[in-house]
Amino acid sequence: MKATLLGFGRIEIEGRQYDRDLVIDAGTVRTRVKKPSKPYRAQYGHTPLSAEERIPWGGTQLIVGTGTYGSLPIMPAVYEEAERRGVEIVALATEEACRLIRERQAKEIFAIVHVTC
């Protein structure tokens, strides 16, 4: 699946550009809904990835693009849920996450991609 971080706040997936955080669930791309995680913003200094969000748990690995500078916090409950489900979390800066996504077939991709910080 073609994925490229175009710059701060912009990503291109399969030829379509986005300026919002994304979720990829077996190749289906949708906008990340951060509202469930907003109550934790003050605690983390940034809206984190929380277990209350719609996380694509369908595979054995969840790729988390943590932003241009790797600043997206991932709450411990997300790691706990991943362990319970037998899912490995691979968290890395978004540019590196895009490289990993490009190496996979669409149906094998389960990812959350943060496009800013």
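Observations, loosely collected:
- Charge tally in the Cβ shell below 13 Å around Asp19, where Lys, Arg are +1 and Asp, Glu are -1, Asp19 excluded: +2
- Working note: 222 nm ellipticity from helices only, DSSP H runs with n ≥ 4, each -39,500 (n - 2.57), summed and divided by the residues of the chain, gives -5000 deg cm²/dmol to the nearest 500.
- Sites Ala42 and Glu14 - FRET efficiency at Förster radius 25 Å, r taken between beta-carbons, to 0.05: 0.10
- Positive minus negative residues near Thr31 (Lys, Arg vs Asp, Glu; Cβ under 9 Å): +2
- For the chain, a crude dipole built from +1 on the beta carbon of Lys and Arg and -1 on the beta carbon of Asp and Glu, taken about the Cα centre, is about 360 debye to the nearest 20.
- With contacts taken as Cα pairs under 8 Å and at least 6 residues apart, the stretch 3-114 reaches a relative contact order of 33 percent.
- Count Lys and Arg as plus one, Asp and Glu as minus one, and take only other residues whose Cβ is under 14 Å from that of Thr4; the net charge is then -1.
- Take the Cβ atoms of Glu83 and Glu52, set R0 to 22 Å, and the FRET efficiency comes out at 0.80.
- The chain: antiparallel DSSP beta bridges as a percent of all, rounded to 5: 60
Rule-based calculations on the coordinates, nothing more; no lab input. These numbers were taken from a predicted model, which means no experiment stands behind them. Cβ: placed from backbone, ideal geometry, glycine included. Neighbour counts: every protein chain shown.
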